[in-house]
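K.L.:
Below is a structure I'd like to ask you about.
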Amino acid sequence: MSLYEEIGAERIAKILSLFYQRCFEDVMIGHFFFEKNHDELLKHQLAFTTAMLGGPSGYQGRALTNVHDPLPIRPPHFARRRMLLKETMEEDGLEKMLIDSWIGLEDKLKPLILKDQSSCRA
Ligand code: HEM
């Protein structure tokens, strides 16, 4: 059974919606999302995550590298987003095994999100 089936479409949508709300309001990473279309972002994120978790592949957003490349995202920003996602899942009562599997898949995408680390001393 896929993670998508184990967690369920409705629960994935609920978690992502709560998670993104946190990202938008967050003191550390909220500024990245200023002046972005939050509804579109959530829609693309949901389609992306659905496919990532083994559900239907209906993602029609841009490639992750193209989207994030112009943004000055550094490792602490990535870690902050990861923490907010984990907290949202925990508060929703998602099983630890499912949380770890979901987070594990996102962690693999890190090289696509972060800028070239050779130019960063952080
Ligand atoms: C594994 C981690 C991540 C995944 C899977 C992910 C996924 C996505 C997706 C699917 C989109 C929508 C693409 C589109 O609209 O065509 C997006 C956009 C965006 N992401 Fe991420 N993202 C991740 C990490 C981050 C981090 C760490 C930040 C900043 C702290 C960030 C900031 C943004 C912003 C600001 C946009 C909107 C860009 C724009 O519309 O110009 N993302 N992301």
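K.L.:
Of the residues 36, 43, 115, which single one is within 8 Å of the ligand (Cβ to nearest atom) and either on the phi < 0 side of the Ramachandran plot or surrounded by fewer than 15 Cβ atoms within 10 Å (Cβ to Cβ) (or both)?
P.N.:
One residue alone meets the criteria, 36.
K.L.:
Answer yes if at least one residue in the stretch 16-23 is surrounded by fewer than 15 Cβ atoms within 10 Å (Cβ to Cβ), more than 8 Å from the ligand (Cβ to nearest atom) and farther than 24 Å from residue 100 by Cβ, and no otherwise.
P.N.:
Taking the stretch 16-23 as the starting set, the residues that turn out to be surrounded by fewer than 15 Cβ atoms within 10 Å (Cβ to Cβ) are 17, 21.
With more than 8 Å from the ligand (Cβ to nearest atom) added as a condition, the list becomes 17, 21.
From what is left, the residues that are farther than 24 Å from residue 100 by Cβ are none.
No, that holds for no residue.
K.L.:
Oh, and also: Which residues, taken from the stretch 24-77, are closer than 18 Å to residue 112 by Cβ and among the basic types (Lys, Arg)?
P.N.:
62, 74
K.L.:
Here's something else I'd like to know. Would you mind telling me which numbered condition in (1) farther than 14 Å from residue 106 by Cβ; (2) free of Cβ contacts under 8 Å to residues at least 60 places away in the same chain; (3) not aliphatic (A, V, I, L, M) residue 80 fails?
P.N.:
Result: residue 80 passes all but (1).
K.L.:
Right, residue 108: more than 18 Å from residue 10 (Cα to Cα) and not polar (S, T, N, Q) or not?
P.N.:
yes
K.L.:
I need a count of the residues in the stretch 50-62 that are in contact (Cβ under 8 Å) with a residue 40 or more places away in the chain and either within 9 Å of the ligand (Cβ to nearest atom) or in a helix (DSSP H, G or I) (or both).
P.N.:
Counting residues in the stretch 50-62 that are in contact (Cβ under 8 Å) with a residue 40 or more places away in the chain and either within 9 Å of the ligand (Cβ to nearest atom) or in a helix (DSSP H, G or I) (or both) gives 2.
K.L.:
Still on this structure, please answer the following. Identify all residues within the stretch 10-38 that are without any contact (Cβ under 8 Å) to a residue 24 or more places away in the chain, outside any loop (DSSP other than H, G, I, E, B) and closer than 24 Å to residue 90 by Cα; write none if there are none.
P.N.:
Listed by number, the residues that qualify are 10, 21, 24, 25, 30, 33, 38.
Every read-out reported here was derived from the displayed coordinates using simple, explicitly stated rules and does not represent laboratory data. Only a predicted model underlies this, so the values are computations on that prediction, with no experimental measurement involved. Reconstructed Cβ throughout: ideal geometry from the backbone, glycine too, with neighbour counts over all protein chains shown.
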